[in-house]
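> Can you keep this structure in mind? I'll have questions shortly.
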Amino acid sequence: MKRLLHLLLFLPLIAFATPDPNPDRFAKEIAAFDAADEKAPFEKGGIVFTGSSSIRLMDLGKVFPGLKALNRGFGGAHISEVNHYLDRCVLRYEPSLVVFYCGGNDLWDKKSPEQVEEDFTEFRRRLFEKVPEAKLIIMGVRPSPSRVSIRDKEADMNARFKKTAEADKRITYVAGSWDRFLDKDGKTIPELFVEDGLHMSDAGYAVWRELLLPLLPKH
């Protein structure tokens, strides 16, 4: 009877887990990465930026001039999709440093912070299995004007990212990636976003540049 009650307690968590999106929706983008690598292979041991559209839309040459790094962000990715393509988008480069931004789309699509954390745990486990000495920088899920309704879930997720970083010296959580996008009243700063109220403007990327520069190798 006790075992049955235990199972019943956990059934809601299983039943209401949000299905992962089909990663095939990004097949063309990943194939383009493959083609780019075949044309100009990226040297192993470098810096890889990965995650969702805030990474994809970042012009690395403009934001970090002179930095030798690879952009492997794609679309409106969930962490589950980054994991699906992890070998092709991150691990095959055996990076010394990974800059990661993802998780906001997952929460917006009704995944719980617990479910997103499980996917992130898989991401970091596989990264460090492949490259044990790698460093991982986590940009916190950014508050945005278009997603005020999930602000509490975003804060919860960032607390989980922070706790993970505090337990592993290879991981750095960038707290400012949340704080710097809010004014003193806790409202998002409009000029840091483009018209859709979700993606960053040049001013938003300037905040990222300021936060990340001290954490990146000198160049």
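Computed from the coordinates by the stated procedures, all read-outs in this text should not be read as laboratory data. The structure presented is a predicted model; accordingly, all values stated were derived computationally and were not measured. Ideal geometry is used to build each Cβ from the backbone, glycine not excepted, and the neighbour counts take in all protein chains shown.
> Given the criterion acidic (D, E) and out of contact with any Phe, Trp or Tyr (no Cβ under 9 Å at 6 or more places or on another chain), identify the matching residue among E122, E154.
Values: E154 fails: out of contact with any Phe, Trp or Tyr (no Cβ under 9 Å at 6 or more places or on another chain).
Going through E122, E154 in turn, the sole match is E122.
> For the range 139-155, check the following and say yes or no: at least one residue is within 18 Å of I47 (Cα to Cα), crowded, with 22+ Cβ neighbours inside 10 Å and not hydroxyl-bearing (S, T, Y). Spell out the reasoning first.
Restricting attention to the range 139-155, the residues satisfying the condition of being within 18 Å of I47 (Cα to Cα) are 139.
Okay, now just the ones that are also crowded, with 22+ Cβ neighbours inside 10 Å, so 139.
Then keep just the ones that are not hydroxyl-bearing (S, T, Y); that gives 139.
Yes: the range 139-155 contains one or more residues that are within 18 Å of I47 (Cα to Cα), crowded, with 22+ Cβ neighbours inside 10 Å and not hydroxyl-bearing (S, T, Y).
> If you don't mind, another one. Given the conditions (1) of a type in the set (V, I, T); (2) within 16 Å of L198 (Cβ to Cβ); (3) free of Cβ contacts under 8 Å to residues at least 40 places away in the same chain, which single one is not true for I138?
Only one criterion is unmet by I138, namely (2).
> Working only within the range 166-192, note down all residues that are outside any loop (DSSP other than H, G, I, E, B), over 14 Å from Y205 (Cβ atoms) and over 17 Å from the mean Cα position of the chain (by Cα).
E166, L182, T188, P190 - these are the residues of the range 166-192 that are outside any loop (DSSP other than H, G, I, E, B), over 14 Å from Y205 (Cβ atoms) and over 17 Å from the mean Cα position of the chain (by Cα).
> Would you pick out the residues in the range 13-55 that are aromatic (F, W, Y) and surrounded by 11 or more Cβ atoms within 10 Å (Cβ to Cβ)?
Taking the range 13-55 and keeping what is aromatic (F, W, Y), we get 16, 26, 33, 42, 49.
The answer is F26, F33, F42, F49.
> Now a separate question. If a residue must be within 23 Å of E154 (Cβ to Cβ) and either aromatic (F, W, Y) or surrounded by fewer than 20 Cβ atoms within 10 Å (Cβ to Cβ) (or both), how many such residues does the range 85-112 contain? Explain how you work it out, then say what you get.
Initially, the range 85-112 is screened for residues within 23 Å of E154 (Cβ to Cβ), giving 98-112.
Among the residues that remain, those that are also either aromatic (F, W, Y) or surrounded by fewer than 20 Cβ atoms within 10 Å (Cβ to Cβ) (or both) are: 100-101, 108-110, 112.
Number satisfying all stated conditions: 6.
> Quick check, is S149 farther than 30 Å from S96 by Cβ, among the hydroxyl-bearing types (S, T, Y) and in contact (Cβ under 8 Å) with a residue 40 or more places away in the chain? Explain how you work it out, then say what you get.
Details: farther than 30 Å from S96 by Cβ: yes; among the hydroxyl-bearing types (S, T, Y): yes; in contact (Cβ under 8 Å) with a residue 40 or more places away in the chain: no.
So S149 does not fit the description; no.
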